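All of the numbers you see were taken from the coordinates with simple rules; none came from a lab. Keep in mind that what you see is a predicted model, and the values were worked out from it rather than measured. With ideal geometry, Cβ positions are generated from the backbone for all residues, glycine too; neighbour counts draw on all protein chains shown.
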Amino acid sequence: MFENQTTKEHEWLQQMVGKWTFEAEAVMGPDQPTSKATGKETVRMLGANWLIGEGEGEMPCPEGQTEGGVGYTVITIGYSPEKKAMVGTWIGSMMNHMWLYEGSLDLEKGLLTLNSSGPSFDGSGMSAYRETLQMISPRERTFSSAVKGEDGEWLTFMTAVYKRVD
């Protein structure tokens, strides 16, 4: 019925287990300054097949305020042998939308690409999004978020660098 098959994709995920800090930059909109934030994330495995990352970090500061508050996030990532795809979710305390991921892993490059759809920035409906996670070394990884524009091009609006602390 349900097979618990561990694959090389699952094994790749296990290298992220540990405690991390991050520094992120986000573009808040046209003609807006870049927002910077810092935070931390603890990554663990649920069994051998599911990665769970629990993050906490500064939120972008709304115009006219000196602090944006703290946001909490949870990401899950696994590999579905049935779909032959990486799958997962992302939720954050700052929104009501649950992001559902499906994507691919380039083991040679250490690059995970996750596709999703979510609310457009202007509130006019849904847009296509793409997150990329790349292992630079055992102690460093990057994460970026991009939205697909009306012209079909991907616009990266957030990048983060994670450094291992344990």
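A Förster radius of 45 Å, combined with the Cβ-Cβ distance separating residue 104 from residue 36, puts the computed FRET efficiency at roughly 0.90.
Relative to the current alpha-carbon distance between residue 46 and residue 76, full extension at 0.36 nm per residue lengthens the span by 9.8 nm.
Result for the chain in a Gaussian network model with C-alpha springs under 10 Å: among 43, 87, 70, the largest mean-square fluctuation is at 70. For the stretch 91-116 versus the stretch 34-59, the spacing of their alpha-carbon centroids is 13 Å. Mean projection of the Cα convex hull over all viewing directions, computed for the chain: 11.0 nm². Can you flag which of 84/148; 8/83; 83/109; 8/36 are past 26 Å Cα-Cα? Violating the 26 Å limit, Cα to Cα: 8/36.
Excluding the sites themselves, what is the longest stretch of the chain that contains no GluC sites (Glu not before Pro) in a DSSP loop with at most 13 other C-beta atoms within 10 Å? The segment 4-62 is the longest one with no such site. Residue exposure proxy: 154, 90, ordered by other Cβ atoms within 10 angstrom of their Cβ from fewest to most, comes out as 154, 90.
Considering only alpha-carbon pairs that sit under 8 angstrom and 6 or more positions apart, the relative contact order computed for the chain is 18 percent.
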